[in-house]
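Worksheet: the structure to be examined is printed underneath.
The values are calculated or read from the model by the stated rules, or taken from the named source; none is laboratory data. Only a predicted model underlies this, so the values are computations on that prediction, with no experimental measurement involved. Positions of Cβ are backbone-derived with ideal geometry, glycine not excepted, and every protein chain shown enters the neighbour counts. These accessible areas exclude ligands, DNA and RNA; they are computed on the full protein's heavy atoms, side chains included. Shrake-Rupley method; radii C 1.70, N 1.55, O 1.52, S 1.80 Å.
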Amino acid sequence: LAPLLIPKDEVVMRLLSAYHRGGGKGLSASAINRFLHCPLCFYWTDLEGIRKEDVVTETVESDTFGSILHKVMEELYQRFEGEWVTADLLKNLQQNEALLRGTVAKAFASEIIRKYVEKILEHDRKLTPFTYLESEKRMEGCLTLTDGSQVNLKGFIDRVDRVNGAVRIIDYKTSNSAQAFTDIESLFEPEAEKRPKEVMQVFFYCWMYGRFGEQPKTTPLQPGIYAVRNLFKEVLDASIKYTPAQSEPVRVEDFRQFAEPFEEALRCCLDRLFDPAVPFTQASSPKGCLYCLFKSLCGR
């Protein structure tokens with residue numbers, strides 16, 4: 001079968017115009033990552049506004065599982081305190097699906113989040129003293145494309161600190177997260193099977209903070225990722241590693257050394273996104289389509 005594609009006709013270009021300067025929409029790092037992974041998914045999600053559920057699979061450590069089980073059983077039996085527990089009572093409880101689901105969900109959420117928060121605080125203690133600057137920092141700005149048009153960009157930075165003279169740009173991730181890259185081009189390579197999209201995202205935040213933020217331009221910007229799956233490791237390393245070919249990994253202490261090539265690669269990516277001659281096509285590989293809401297439309 002021929003690959004499915006949507007040409008950028010007058011209607012599609014009008015949808016895209018909402019992202020131009022003066023329009024009401026801004027491109028986020030997540031949207032750009034979506035475009036790089038599958039332009040067709042970007043079209044349906046970001047232009048047509050069809051939303052999809054994020055599918056996240058997390059591994060619960062055995063001790064956490066035990067704590068959750070204890071909390072659920074305590075919650076369920078508390079209602080019988082001081083009462084005779086009969087077979088009928090337990091049968092009714094067993095068949096009360098809404099109650100069971102609600103109790104489990106409540107216990108899971110509180111216990112798993114508490115353990116993750118404890119681990120983050122344990123790691124942060126090793127960095128003290130530091131200055132907490134802000135959380136959920138909203139960034140907005142425009143990037144001029146090669147054709148002279150300007151595109152609206154936006155981002156929410158999870159957390160900003162000042163540590164040892166550098167400003168840390170922190171992104172929290174609840175799923176598997178890449179924290180290394182070989183070069184800037186690899187962050188925007190659509191055909192790459194394991195493109196480090198998480199690095200692209202935190203670099204995007206660093207670039208926006210450095211370009212549109214209020215900090216002096218001489219302030220080092222240090223990107224970091226707190227990946228949930230890594231929190232229970234003996235040593236949590238939130239840093240981003242630069243791993244050029246046949247060289248030892250180098251910790252990125254200051255994003256500014258990558259700011260210029262990052263901006264050029266971002267501009268090249270957005271040139272392609274807004275180019276009327278380049279249609280929206282489906283992902284070249286179906287490997288990442290397993291949980292996509294639109295896979296049936298693509299015939300995958």
Residues other than K25 with Cβ under 15 Å of its Cβ, Lys/Arg counted +1 and Asp/Glu -1, net out at +3
Given a Förster radius of 30 Å and the C-beta distance between R51 and S135 as r, what FRET efficiency does 1/(1 + (r/R0)^6) yield to the nearest 0.05?
0.75
Taking the chain and counting helices only, DSSP H stretches of n ≥ 4 at -39,500 (n - 2.57) each over all residues, the nearest-500 ellipticity at 222 nm comes to -12000 deg cm²/dmol
Which cross-chain or sequence-distant (5 or more) residues have an amide H under 5 Å from the amide H of Y172, H modelled 1.01 Å from N in plane?
D158, Y226
Efficiency by 1/(1 + (r/R0)^6): what FRET value for Q257 and K126, r their Cβ-Cβ distance, R0 = 22 Å, to the nearest 0.05?
0.30
Dipole of region 211-300, Cα-centred, from +1 at each Lys and Arg C-beta and -1 at each Asp and Glu C-beta, to the nearest 20 debye?
480
Nearest-20 debye value, the chain charge dipole, Cβ charges on Lys, Arg, Asp, Glu
280
For region 127-196, Rg(Cα) over 2.2 N^0.38 Å is 1.44
Which cross-chain or sequence-distant (5 or more) residues have an amide H under 5 Å from the amide H of Q222, H modelled 1.01 Å from N in plane?
V167, R168, I169, F255
Vicinal HN-Hα couplings computed from phi for region 190-200 (Karplus, 6.51 cos²θ - 1.76 cosθ + 1.60; Hz; Gly/Pro x):
x, 7, 5, 5, 10, 5, x, 5, 5, 5, 4
The chain - percent of accessible surface contributed by carbon and sulfur, probe 1.4 Å:
54
Let me check something: with ligands and nucleic acids excluded, how do L15, L221 order by accessible area (1.4 Å probe), largest to smallest?
L15, L221
Would you mind getting the accessible area per residue of the chain, heavy atoms of the protein chains only, 1.4 Å probe, in Å²?
57
How large is ³J(HN,Hα) for each residue in region 141-148, as worked out from phi by the Karplus curve 6.51 cos²θ - 1.76 cosθ + 1.60 (θ = phi - 60°), to whole Hz, x for Gly and Pro?
x, 10, 10, 7, 7, 4, 7, x
Please compute the modelled spin-label separation between H20 and I6, points set 7 Å along Cα→Cβ, answer in nm with one decimal.
1.9
Top of K137, K197, K233 by mean-square fluctuation, Gaussian network on the chain, Cα under 10 Å
K233
Run the reach check for K126 against lysines, Cα to Cα strictly under 30 Å, same-chain hits fewer than 8 apart removed. What comes back?
K115, K137, K173, K197, K217, K233, K241
T182 versus V117: modelled label distance in nm, points set 7 Å from Cα along the beta carbon direction:
4.2
Pop out the ³J(HN,Hα) list for region 85-95 in order, Karplus 6.51 cos²θ - 1.76 cosθ + 1.60 with θ = phi - 60°, rounded to Hz; leave Gly and Pro as x.
9, 10, 4, 5, 4, 5, 5, 5, 5, 4, 8
With label points built 7 Å along Cα→Cβ from the Cα atoms of S30 and S284, find their separation and express it in nm.
2.7
Helix 62-78 against the longest principal axis of the chain: what's the angle in degrees, Cα atoms only, rounded to the nearest 10?
50
